[in-house]
Amino acid sequence: MNLIVQGASLADAHLRDLAALSGAQRSERLGDAACRLYAAQPHADIAAYCARARLDFAFVPPGRRLADMRLLAIDMDSTLITIECIDEVADLAGLKAEVSAITAAAMAGELDYAQSLRRRVALLQGLEESALARVYDERLRLSPGAETLIAAARHAGLKTLLVSGGFSFFTDRLKMRLGLDYSTSNTIEIEGGRLTGRVIGDIVDAAGKAAALRARRDELGIAKSAAIAIGDGANDLAMMAEAGVSIAYRAKPLTRGKADYALDYCGLDAVLNLFA
C-alpha cells in the first residue's frame, strides 16, 4: 500500500519520521501539503504521530485513479458546507442552543434521526420563511476545498450527488451553484410565509440517504466499487456503506471509526490525493 500524508504544514522531518515508522521505500511530494510514501506498512504509532502533528493519513492501493470512479455522493451540513443549517435557522429564533443539542446527539448516533428532525423543526413553528434566505446568504459557507473537489470530479467524468437530511431550500441552491447532477433532501412546510413546524413527506434519514445513493448507482449502471461517499455524522454511515470508498470529513467519532478514510485537518480537496 501507499501511505498518503497531508496537512496544513508537512515538513521534511515528518516524512522522515513516517518513512521510518512505515518502512516506506521512497516518497514523492504531491504538493507543499501532501506526500505519497511508497510500499508503506501499517504501524501502531502512525496514527498517534499524525494526530500530534495534525496530519491526515491514509493507506491507499497503488494505481487507483479518480477516473476509475463514477459517482461522488456527499453530505451537506458540516461536510460540503461548514454549518448545520437548521442550527443557524434556529439561532434566528433564539433557539440555537436547544436545537444544536438535539443535532449533536443525532449526529453522534444517540437519537433516532427522523424523530430528532421532527423535534427540531417543530421548535421552528411560526418563524418567517425569510430566515432560510438569511442563513443561506449570510452564514452558509462552503467547506475548504469543496469547489476544487467538485470541479475535479466533474472533469474526471464522475456524477455528483448531494445527499442531505437537511432542507431542499439549501440543497437546491447549492446544486445550481456548484453544477451538481443530483440532490436529495427534506422539504420543510411553509404556509403564509411562515414555517409550520412540519416536514413534508418521508424524512431523508440514514436509510433514505443510502437509498438515494443506491438509486443513482442503479440508474447509472455502476458497481458499488465505483462510488465515493463523504459524510460526517451517524446518519451518513448507511450511505457510506453503499460506496466502494467512504470518507469521514471532520467527523463524529462513530463515523470516523467506520469510514475507510478520515480527513480531520485538511479540506475536501484532500480527497483528490487519495486517488492520485
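Taking the range 52-87 as the range and being surrounded by fewer than 20 Cβ atoms within 10 Å (Cβ to Cβ) and free of Cβ contacts under 8 Å to residues at least 24 places away in the same chain as the test, the residues that pass are Arg52, Gly63. Looking only at residues of the range 176-202 that are touching a strand residue (DSSP E or B) at 6+ places or on another chain (Cβ under 7 Å) and over 21 Å from Gly126 (Cβ atoms), we find that the one that is surrounded by the fewest Cβ atoms within 10 Å (Cβ to Cβ) is Gly201.
The residues of the range 18-48 that are crowded, with 16+ Cβ neighbours inside 10 Å and either more than 21 Å from Gly267 (Cβ to Cβ) or more than 24 Å from the chain's Cα centre (by Cα) (or both), listed by number, are Leu18, Ala19, Leu21, Ser22, Ala24, Ser27, Leu37, Ala40, Ile46.
Restricting attention to the range 254-263, does a residue exist that is out of contact with any Leu (no Cβ under 6 Å at 6 or more places or on another chain), closer than 13 Å to Met76 by Cβ, at pLDDT 95 or above and assigned to a strand (DSSP E or B)? No, the range 254-263 contains no residue that is out of contact with any Leu (no Cβ under 6 Å at 6 or more places or on another chain), closer than 13 Å to Met76 by Cβ, at pLDDT 95 or above and assigned to a strand (DSSP E or B). Residue check: Leu21 meets all listed conditions (1) of a type in the set (A, V, I, L, M); (2) touching a helix residue (DSSP H, G or I) at 6+ places or on another chain (Cβ under 8 Å); (3) assigned to a helix (DSSP H, G or I); (4) under 30 Å from Phe167 (Cα atoms) but one, namely (4). From the list Gly109, Gly94, Gly126, Gly157, the one residue that fits, being in the same structural domain as Arg214 (by TED's automatic domain parsing), touching a strand residue (DSSP E or B) at 6+ places or on another chain (Cβ under 7 Å) and of a type outside the set (Phe, Trp, Tyr), is Gly126.
For the range 3-13, a residue qualifies if it is farther than 12 Å from Asp56 by Cα and not in a loop (DSSP other than H, G, I, E, B), and the qualifying residues are Asp12, Ala13. Answer yes if at least one residue in the range 122-139 is among the acidic types (Asp, Glu), in contact (Cβ under 8 Å) with a residue 12 or more places away in the chain and surrounded by 14 or more Cβ atoms within 10 Å (Cβ to Cβ), and no otherwise. Checked against the condition, which is being among the acidic types (Asp, Glu), in contact (Cβ under 8 Å) with a residue 12 or more places away in the chain and surrounded by 14 or more Cβ atoms within 10 Å (Cβ to Cβ), the range 122-139 yields at least one hit. Selection over the range 139-155 of residues that are in a helix (DSSP H, G or I) and over 15 Å from the mean Cα position of the chain (by Cα) gives a count of 4. Within the range 150-160, the set of residues being within 20 Å of Gly267 (Cβ to Cβ) and in contact with a helix residue (DSSP H, G or I) (Cβ under 8 Å, 6 or more places away or on another chain) comprises Ile150, Ala152, Ala153, Ala156, Leu158, Thr160.
Restricting Ala238, Ala223, Ala207, Ala211 to residues that are modelled with pLDDT of 95 or more, of a type in the set (A, V, I, L, M) and within 14 Å of Tyr182 (Cα to Cα) narrows the list to Ala211.
For the range 140-175, the candidate set comprises residues that are out of contact with any Asp or Glu (no Cβ under 7 Å at 6 or more places or on another chain) and of a type in the set (S, T, N, Q); within that set, the residue that is surrounded by the fewest Cβ atoms within 10 Å (Cβ to Cβ) is Ser168. Screening the candidates Gly201, Gly231, Gly244, Gly166 for the property of being touching a Cys at 6+ places or on another chain (Cβ under 6 Å) and in the same structural domain as Arg119 (by TED's automatic domain parsing) yields one hit, Gly166.
The values are calculated or read from the model by the stated rules, or taken from the named source; none is laboratory data. Owing to the predicted nature of the structure, the values given are computational and were not obtained by experimental measurement. Neighbour counts are summed over all protein chains in view; Cβ atoms, including those assigned to glycine, are modelled from backbone coordinates with ideal geometry.
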